[in-house]
Amino acid sequence: MTVWYEERGSGEPVVLLHSSVADSGMWDPQWEPLGERFRVIRLDFRGHGRTPCVADGPYSDAGDVADLLAALGLRRVGLVGSSYGGRVALELATGHPDLVSRLVLLNAGCGLPPTPDLEAFGAEEDRLIEAGDVGGAVDLNVRTWLGPEADEPVRARLAAMQRHAFEVQLAADPEPERRREPIDLTVVTAPTLVVTGGHDLPYFRESGRHMAEALPDATLLELDWAGHLPSMERPAEITRLLTGFLS
């Protein structure tokens with residue numbers, strides 16, 4: 001396969017899609033518990049975790065996921081997407097509405113124009129990377145994307161995943177051309193749980209409210225304690241939430 005993946009358990013299939021700041025390791029706390037109830041699958045997008053940053057031509061992460069599911073013979077799955085993984089889930093659900101049985105979006109984006117808070121983050125990250133300060137860019141991401149509930153081991157784990165992604169992607173020569181697939185919220189028919197965090201950037205809170213209004217069958221859950229990555233911040237609580245919604 002183009003991407004690294006693994007699976008665990010049996011039953012209804014559930015696919016976990018990671019944030020761009022992390023890799024499939026962000027789902028470690030959910031991996032075994034979900035595997036007791038579902039056939040759970042996780043993968044690393046290109047340039048993350050155990051998937052190299054290579055391509056023969058333009059590619060999309062949603063296309064990689066669709067190819068993986070086809071190779072596994074899966075025609076209907078539950079999707080759980082965190083941040084960028086949520087955007088990939090929406091791209092997949094737009095292009096293949098019948099493929100998705102249930103959808104969970106954890107602080108996902110859906111293509112709304114960037115707000116000043118997101119633009120400021122992106123500009124600072126670019127400045128640090130261009131200056132060769134990968135460590136500073138890693139620290140910026142950890143500070144930005146983890147809320148107050150995250151302890152030091154979780155912060156160190158996220159830093160390691162983000163540093164690895166930066167190093168792999170910066171070393172790619174040539175860097176593959178990644179394209180984004182279209183998103184049309186009106187055609188996403190699966191029952192959807194939209195989760196936002198009270199400590200997240202305003203851009204993602206606004207995106208969550210927009211998706212909850214535009215999706216045909218959506219429920220909005222606002223977690224006042226959460227930052228951008230609640231599955232790492234309060235993993236047991238998010239595991240219970242996922243198990244209940246996906247069952």
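The values are calculated or read from the model by the stated rules, or taken from the named source; none is laboratory data. Computed from a predicted model, the values in this text were never measured in an experiment. We place every Cβ from the backbone using ideal geometry, glycine too, and count neighbours over all the protein chains shown. These area figures cover heavy atoms from the full protein model, side chains too; ligands, DNA and RNA do not enter into them. Shrake-Rupley method; radii C 1.70, N 1.55, O 1.52, S 1.80 Å.
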* Asked: Can you give the accessible area of Glu7, probe radius 1.4 Å, in Å² rounded to 10?
  -> 80 Å²
* the chain - mean residue ellipticity at 222 nm from DSSP helices (-39,500 (n - 2.57) per run, n ≥ 4, rounded to 500) -> -13500 deg cm²/dmol
* **Per-pair calculated FRET efficiency, R0 = 35 Å: Glu206 and Leu74 via Cβ, rounded to 0.05** => 0.60
* Asked: Put His210, His48 in order of accessible area, largest first, 1.4 Å probe: what do you get?
  -> His210, His48
* Simple spin-label estimate for Ser247 and Thr186 in nanometres, 7 Å along Cα-Cβ -> 3.7 nm
* To do: Keeping the other protein chains in place, figure out the carbon and sulfur percent of the accessible area of the chain, with a 1.4 Å probe.
  => 48 percent
* Asked: Excluding ligands, DNA and RNA, what is the solvent-accessible area per residue of the range 51-184 at a probe of 1.4 Å, expressed in Å²?
  -> 47 Å²
* Asked: Can you list the residues of the range 185-224 with backbone N under 20 Å from a point 7 Å past the Cα of Ala120, pointing along Cα to Cβ?
  -> 197-208
* Can you figure out the FRET efficiency of Ala156 with Glu130, using R₀ = 30 Å and their beta-carbon distance, to the nearest 0.05? => 0.75
* Under the definition of Cα pairs under 8 Å and six or more residues apart, what whole-number percent is the relative contact order of the range 1-125? -> 26 percent
* To do: List, in order, the whole-Hz ³J(HN,Hα) value for each residue of the range 161-177 obtained from phi through the Karplus relation with A = 6.51, B = -1.76, C = 1.60 and θ = phi - 60°; use x for Gly and Pro.
  => 5, 5, 4, 4, 4, 4, 5, 5, 6, 5, 7, 5, 8, x, 6, x, 8
* To do: Measure out, as a whole number of angstrom, how far apart the alpha-carbon centroids of the range 8-51 and the range 69-87 sit.
  => 10 Å
* Among Leu106, Gly57, Gly47, flag the residue with its Cα farthest along the positive direction of the charge dipole of the range 1-114, charges on Cβ as +1 for Lys/Arg and -1 for Asp/Glu. => Leu106
* To do: Over the range 112-236, calculate the relative contact order: mean separation of alpha carbon pairs under 8 Å at least 6 apart, over the residue count, as a percent.
  => 31 percent
* Asked: Which one of Gly86, Pro33, Leu128 has its Cα pushed farthest toward the positive end of the charge dipole of the chain, where Lys and Arg give +1 and Asp and Glu give -1 at the Cβ?
  -> Pro33
